[in-house]
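The values are calculated or read from the model by the stated rules, or taken from the named source; none is laboratory data. Computed from a predicted model, the values in this text were never measured in an experiment. Methodologically, a virtual Cβ is constructed for each residue, glycine included, from the backbone with ideal geometry; neighbour enumeration extends over all protein chains shown. Remember, those area values only see protein heavy atoms, side chains included, never the ligands or the DNA or RNA. Shrake-Rupley method; radii C 1.70, N 1.55, O 1.52, S 1.80 Å.
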Amino acid sequence: MTGRVHLYDIDNIDTDRIIPGKYTKTLDVSTFADHCLEDLDSDFKHKVQQGDVLVGGWNFGCGSSREQAPIALKVSGISVVIARSFSRIFYRNAINIGLPILEIPDHTIADGASLEIDLESGKVYDGNTEYSASPLPQVMIDILNEGGLVPYLKKHKTYTF
Amino acid sequence: MSLWQIFNMGQTISEKILSAHAGYDVKAGELAIVNVDSAMASDTTAPLTLKAFKEMGGTTPWNSEKTIFVIDHASPAPNERIANLHKLMREFARKTNSVLYDEGAGICHQIMVEEQHVKPGQLVIGADSHTVTYGALGAFSTGVGSTDLAAIMLTGKTWLKVPESIKIILKGKPNPGVTAKDIILEVVGKIGLNGATYKALEYSGSTLEYLTLGDRMTIANMAVEMGGKAGIIETSGLELPYHFEPVLPDSDAEYSQTLTIDVSSIRPKIAKPHSPENVCDIDDVLGTKIDMAFIGTCTNGRLEDLQLAASILKGKKLATGVRMLITPASRNVLNHAMADGTMNILSEAGATFIPPGCGPCVGTHLGVPGNNEIILSTANRNFPGRMGNPNASVYLASPAVVAASALTGVITDPESLDK
Ligand code: SF4
């Protein structure tokens, strides 16, 4: 797959900045797209297009456990999140809702770059450099392959690994 | 001594608890499927949890008595949309006989401990990041998102990567005016926002004998501010109203890092805007003007916190131009604070009360600050927009510092006030 980069190479982008707490209390998740990242970049909702890639810094998604954070990115159109590192709850939540994420600690990916991404191998190419993401644990690959934890458990009824 | 302790030497507290819940010996770095003792969701996460649970094919939780819902984050409901989400939780709990604490009962983490839904050595998972608070009881507890929690409601299990542990040795006696909040702010400042990601923090040392259950909850609570998966405090010196077997680490357990903190030398601490790791001694920010003082949250809204504030504010008035919000952590806290006169003292000083719950902590309602206002808060987070306004600045401190500062209108060391 390929995707255009929105670079926010800032450390500790927390879930309050991904989707402020005041907007999270609804089951209508499509509304999150209106407020995703608004305290960080009020233009984000106008810039983002379906299939784009978000690239963050260290400890992306720290803060609350709200699953609304990866959902907000997904409903905004983001297809993959790359960061130098992720907070652990964000990491789980993203996989559980079927949003692929890749951890690449050392990179010089530029804003607006077009990335070629191979999720299985974790290889990312920005036209100049090829990066290798740390591999996901098998259980996460299984969950992602089913499209998230809901379809995974609907099919398997319990964890099988 | 249980079987796993005999056969598997050299384990941390986390490894011991997770081994007991996996049914076999696990070491840091391994993935394990573990049996969960209790599962909790608040009104921020429960609605999505129930939706995912239904979509997975779930009807009744694996164990209704161990499935706990708390209406605390936006309670009482500030609008029609949230009122309907609350209704959804009530209806599900009624239909499935799961446990529900309705509005006014208090903050989920306070209730889980008060109502004994968590005990030492247990594994408890909550759909809220501050679920780590139950490390105060020597339990392994951690936060997950809504879908992970739905999976637990369906299966009674979850998968976890057994974390490496960072050992924190707290030694010595805190000086007057220094509280558990100052100790944990010191730790957060040293470890940093990212320093314990994927890891557990395990606390031991001579300071523990001075720490109440409430103090331990304050310390365990902020593990997640360092990225920690758990923040477990050894149960030495902990008194509980029931009998329990302490889970202690083996002397040859392995840690990724050991940090010793001499508590007798620390000063009251402040986390400056806009990050909990932005920690300094109070001396660096003395005199900073404040607009609002907030005492509450799962970090510092307990009876002893309100009593500490009352001891400073007794017979006095808030500084002109300063407003003060008080949110007791639970109805139980509120009842005690009313019975012993604490609430009277605070009200006479000019404080405003908010019903037990999260109150203004997460910026949904009840006490959203205005632009460019400065808030001094006993909470655990001060990221931009945390209290609902990205143009406000939040400083974090102990209840003693917040009360002393509300009295003077500027950040003040409680020890410097005339007694
Ligand atoms: S008091 Fe604040 S930090 Fe604690 S559970 Fe409620 S919103 Fe979260």
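Do the conditions hold for B:Glu103, that is, is it among the charged types (D, E, K, R), under 26 Å from B:Thr364 (Cα atoms) and within 14 Å of the ligand (Cβ to nearest atom)?
Considered against the rule, which asks whether it is among the charged types (D, E, K, R), under 26 Å from B:Thr364 (Cα atoms) and within 14 Å of the ligand (Cβ to nearest atom), B:Glu103 comes out as yes.
Out of (1) surrounded by fewer than 21 Cβ atoms within 10 Å (Cβ to Cβ); (2) more than 21 Å from B:Thr44 (Cβ to Cβ), what's the single condition that is false for B:Pro414?
If we test B:Pro414 against (1) surrounded by fewer than 21 Cβ atoms within 10 Å (Cβ to Cβ); (2) more than 21 Å from B:Thr44 (Cβ to Cβ), just (1) comes out false.
Got a number for residues in the range B:187-209 being within 9 Å of chain A (Cβ to nearest Cβ) and aromatic (Phe, Trp, Tyr)?
Qualifying residue count for the region: 1.
From the list B:Thr235, B:Thr179, which one is modelled with pLDDT of 95 or more, farther than 30 Å from B:Glu373 by Cβ and β-branched (Val, Ile, Thr)?
Every option except B:Thr235 fails the conditions.
Residues of the range B:51-72 being surrounded by 24 or more Cβ atoms within 10 Å (Cβ to Cβ) and out of contact with any Ser or Thr (no Cβ under 8 Å at 6 or more places or on another chain), which ones?
B:Phe53
What are the residues in the range B:31-71 that are part of a strand (DSSP E or B) and of a type outside the set (Val, Ile, Thr), if any?
Residues satisfying the conditions are B:Leu31, B:Ala32, B:Asn35, B:Ser38, B:Ala39, B:Met40, B:Ala41, B:Ser42, B:Phe69.
Which residue out of A:Ser65, A:Ser85, A:Ser79 is within 21 Å of A:Thr15 (Cβ to Cβ), in contact (Cβ under 8 Å) with a residue 60 or more places away in the chain and of a type outside the set (A, V, I, L, M, F, W, C)?
A:Ser79
Results for (1) modelled with pLDDT of 95 or more; (2) more than 16 Å from the ligand (Cβ to nearest atom), shown as yes or no for each residue.
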{"position": "B:Ile375", "(1), (2)": "yes, no"}
{"position": "B:Ala379", "(1), (2)": "yes, no"}
{"position": "B:Gly385", "(1), (2)": "no, no"}
{"position": "B:Ala397", "(1), (2)": "yes, no"}
{"position": "B:Val402", "(1), (2)": "yes, no"}
{"position": "B:Leu407", "(1), (2)": "yes, yes"}
{"position": "B:Ile411", "(1), (2)": "yes, yes"}
{"position": "B:Glu415", "(1), (2)": "yes, yes"}
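Considering the range B:106-117 alone, what residues qualify as being within 16 Å of the ligand (Cβ to nearest atom), in a loop (DSSP other than H, G, I, E, B) and touching a residue at least 60 places away in the same chain (Cβ under 8 Å)?
Across the range B:106-117, the qualifying residues are B:Ile107, B:His117.
Please count how many residues of the range A:27-47 are open to solvent by 20 Å² or more (accessible area, probe 1.4 Å) and touching a Lys or Arg at 6+ places or on another chain (Cβ under 9 Å).
Of the residues in that region, 10 qualify.
If you go through the range A:17-26, how many residues are surrounded by fewer than 24 Cβ atoms within 10 Å (Cβ to Cβ) and either more than 9 Å from chain B (Cβ to nearest Cβ) or among the hydroxyl-bearing types (Ser, Thr, Tyr) (or both)?
Residues flagged as surrounded by fewer than 24 Cβ atoms within 10 Å (Cβ to Cβ) and either more than 9 Å from chain B (Cβ to nearest Cβ) or among the hydroxyl-bearing types (Ser, Thr, Tyr) (or both) within the range A:17-26 amount to 2.
Name the single residue that is nearest to the other protein chains (Cβ to nearest Cβ) among those in the range B:142-186 being surrounded by fewer than 24 Cβ atoms within 10 Å (Cβ to Cβ) and small (Gly, Ala, Ser).
Filtering first and then ranking leaves B:Gly156.
From the list B:Leu306, B:Leu334, B:Leu325, exactly one residue is under 20 Å from B:Val70 (Cβ atoms), of a type in the set (A, V, I, L, M, F, W, C), within 16 Å of the ligand (Cβ to nearest atom) and not in a loop (DSSP other than H, G, I, E, B). Which is it?
Being under 20 Å from B:Val70 (Cβ atoms), of a type in the set (A, V, I, L, M, F, W, C), within 16 Å of the ligand (Cβ to nearest atom) and not in a loop (DSSP other than H, G, I, E, B) holds for just one of B:Leu306, B:Leu334, B:Leu325, which is B:Leu334.
A quick yes/no check of all residues on (1) in contact with a Pro (Cβ under 9 Å, 6 or more places away or on another chain); (2) in a strand (DSSP E or B); (3) open to solvent by 10 Å² or more (accessible area, probe 1.4 Å):
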| residue | (1), (2), (3) |
| --- | --- |
| B:Arg94 | no, no, yes |
| B:Leu100 | no, yes, yes |
| B:Glu103 | yes, no, yes |
| B:Lys119 | no, no, yes |
| B:Ile125 | no, yes, no |
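Are any residues in the range B:370-404 within 24 Å of B:Met217 (Cα to Cα) and not in a loop (DSSP other than H, G, I, E, B), and if so, which ones?
Correct list: B:Ile375, B:Leu376, B:Ser377, B:Val394, B:Tyr395, B:Leu396, B:Pro399, B:Ala400, B:Val401, B:Val402, B:Ala403, B:Ala404.
Restrict the check to the range A:98-111 and report whether at least one residue is within 9 Å of chain B (Cβ to nearest Cβ) and either at positive phi or touching a strand residue (DSSP E or B) at 6+ places or on another chain (Cβ under 6 Å) (or both).
no
Within the range B:287-298, take every residue that is more than 14 Å from chain A (Cβ to nearest Cβ) and touching a helix residue (DSSP H, G or I) at 6+ places or on another chain (Cβ under 8 Å) and give me the one that is farthest from the ligand (Cβ to nearest atom).
Within the range B:287-298, the match that is farthest from the ligand (Cβ to nearest atom) is B:Ile290.
I'd like to know if the range B:59-78 contains one or more residues that are of a type in the set (Asp, Glu), away from the ligand (no atom under 16 Å from the Cβ) and at pLDDT below 95.
No, every residue in the range B:59-78 fails to be of a type in the set (Asp, Glu), away from the ligand (no atom under 16 Å from the Cβ) and at pLDDT below 95.
Answer yes if at least one residue in the range B:289-297 is surrounded by fewer than 20 Cβ atoms within 10 Å (Cβ to Cβ) and more than 21 Å from the chain's Cα centre (by Cα), and no otherwise.
Yes, the range B:289-297 contains at least one residue that is surrounded by fewer than 20 Cβ atoms within 10 Å (Cβ to Cβ) and more than 21 Å from the chain's Cα centre (by Cα).
Scan the range B:299-326 and report the pairs whose first residue is in the same structural domain as B:Val362 (by TED's automatic domain parsing) and whose second residue is among the basic types (Lys, Arg), with Cβ atoms within less than 8 Å and a gap of 6+ or a chain change.
Cβ pairs passing all conditions: B:Thr299/B:Lys181; B:Asn300/B:Lys181.
Hey, among the residues in the range B:372-385 that are within 14 Å of chain A (Cβ to nearest Cβ) and within 21 Å of B:Ala309 (Cβ to Cβ), which one's surrounded by the most Cβ atoms within 10 Å (Cβ to Cβ)?
B:Ala379
On the given criteria, is B:Gly367 in contact (Cβ under 8 Å) with a residue 24 or more places away in the chain, in a loop (DSSP other than H, G, I, E, B) and touching a strand residue (DSSP E or B) at 6+ places or on another chain (Cβ under 6 Å)?
The answer is yes for B:Gly367.
Just for strands (runs of 3 or more DSSP E) wholly inside the range B:225-303: which have at least 3 residues that are farther than 23 Å from B:Glu115 by Cα?
Here the list reads B:257-262, B:269-271, B:279-281, B:292-295.
Pull up the range B:127-141, narrow it to residues that are in a strand (DSSP E or B) and within 14 Å of the ligand (Cβ to nearest atom), then point me to the one that is farthest from the chain's Cα centre (by Cα).
Filtering the range B:127-141 for residues that are in a strand (DSSP E or B) and within 14 Å of the ligand (Cβ to nearest atom), the one farthest from the chain's Cα centre (by Cα) comes out as B:Ala127.
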